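The values are calculated or read from the model by the stated rules, or taken from the named source; none is laboratory data. This one's a predicted model, so the numbers in the text were calculated from it and none came from an experiment. All Cβ positions, glycine included, derive from the backbone under ideal geometry; neighbour counts span all protein chains shown. Surface accessibility is based on the protein's heavy atoms, side chains included, excluding ligands, DNA and RNA. Shrake-Rupley method; radii C 1.70, N 1.55, O 1.52, S 1.80 Å.
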Amino acid sequence: QVQLVESGGGLVQAGGSLRLSCAASGSIFTINAMGWYRQAPGKQRELVARITSGGSTNYADSVKGRFTISRANAKNTVYLQMNSLKPEDTAVYYCAADLRATMTHKSLDYWGQGTQVTVSS
C-alpha cells in the first residue's frame with residue numbers, strides 16, 4: 001500500500017507564510033512526479049504546483065512568484081513554501097503523487113487526505 005501524509009497547514013494572516021510537507025511511504029517502486037492541488041469551498045480542485053523526478057516545475061499563474069515547490073527524492077517528500085499568502089489562497093490543499101507501486105506495471109495517481117490552509121484578511 002501507498003500512503004501520502006501531509007502536514008503544515010493552519011491559520012495565518014494575509015502576507016504571512018506557511019510550509020506544507022507531504023511524505024509518500026509504502027510499497028513504492030518509483031515516483032514520477034509530485035504536486036499540490038487545492039480546493040476552495042464551492043470550487044473545483046485546481047493544480048497549485050507540480051514537480052517531476054527530474055526537478056521540472058510548473059505553477060498555477062495565481063501563485064507564481066509567491067509559492068515554491070521542492071522535493072527531497074531520497075525521502076519521497078515534497079514541500080510547498082507559501083509566501084505572501086492572500087485570503088483567496090484559503091482552501092484544502094491536497095498532495096498528489098504520480099507513482100508506480102511495487103509489483104505493479106503502471107503508474108497511478110495517489111492522493112493525501114488534505115490539509116486546511118486558512119488566510120485571514
statement: Flagged in region 9-48 as open to solvent by 30 Å² or more (accessible area, probe 1.4 Å), part of a loop (DSSP other than H, G, I, E, B) and under 15 Å from residue 67 (Cα atoms), in numbering order, are 9, 14, 15, 17
- prompt: Among all residue pairs at least 6 apart or on different chains, which show Cβ distances below 9 Å where the first residue, located in region 107-118, is under 19 Å from residue 90 (Cα atoms) and the second is loosely packed, with under 15 Cβ neighbours inside 10 Å and among the small types (Gly, Ala, Ser)?
  reply: 115/7; 115/10; 116/10; 117/10; 118/10
query: Looking at region 48-71, which of its residues are of a type in the set (D, E, K, R) and closer than 25 Å to residue 28 by Cβ?
result: 50, 71
task: Scan (1) in a loop (DSSP other than H, G, I, E, B); (2) within 10 Å of the chain's Cα centre (by Cα) for the single condition residue 54 breaks and write down its number.
output: (2)
- request: Would you point out the residue of region 59-71, among those that are closer than 23 Å to residue 119 by Cβ and within 12 Å of the chain's Cα centre (by Cα), that is most open to solvent (accessible area, probe 1.4 Å)?
  value: 68
- prompt: Restricting attention to region 49-58, and to residues there that are open to solvent by less than 50 Å² (accessible area, probe 1.4 Å) and of a type in the set (Gly, Ala, Ser), which single residue is nearest to residue 116 (Cα to Cα)?
  reply: 49
task: Answer yes if at least one residue in region 52-59 is touching a strand residue (DSSP E or B) at 6+ places or on another chain (Cβ under 7 Å), within 21 Å of residue 14 (Cα to Cα) and not basic (Lys, Arg), and no otherwise.
output: yes
- request: Considering (1) aliphatic (A, V, I, L, M); (2) within 30 Å of residue 105 (Cβ to Cβ); (3) touching a helix residue (DSSP H, G or I) at 6+ places or on another chain (Cβ under 9 Å), say which one residue 14 fails and leave the rest.
  value: (2)
message: Could you tell me how many of the residues in region 72-86 are closer than 27 Å to residue 26 by Cα, open to solvent by less than 60 Å² (accessible area, probe 1.4 Å) and out of contact with any Phe, Trp or Tyr (no Cβ under 7 Å at 6 or more places or on another chain)?
response: 5
